Amino acid sequence: MTSISFFRHSTECPACGEESVAPERSEHLSTEEVHHFWCCSNCGVEFETLDHLQTDTIIPTELVRKFLPSLLVA
């Protein structure tokens, strides 16, 4: 199974230290990078983080067949 690591950075507000649960929005910059935009619910400070996604295994063919059958080419 493929594992993808998310949110390896701190999601604490740089101003007040409040932990944020989810970004306001995210943008995929590439297949390996996602830019997150945060807004602190405690003090309103906006900040940004960058995640580097890593897939460390190949998706098994049986999973592809089960969930994406129309994408397979015979």
Margin query: Show the residue pairs meeting these rules: Cβ distance below 8 Å; 6+ apart or different chains; first residue within the stretch 23-36 and among the β-branched types (Val, Ile, Thr); second residue outside any strand (DSSP E or B) and modelled with pLDDT under 90.
Written below: 31/53; 34/53
Item checked: the stretch 1-21 - residue that is modelled with pLDDT of 90 or more and part of a loop (DSSP other than H, G, I, E, B) and, of those, surrounded by the most Cβ atoms within 10 Å (Cβ to Cβ) -> 13
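The values are calculated or read from the model by the stated rules, or taken from the named source; none is laboratory data. These numbers come from a predicted model, not from an experiment. So basically every Cβ, Gly included, is an ideal-geometry build from the backbone, and we count neighbours across all protein chains shown.
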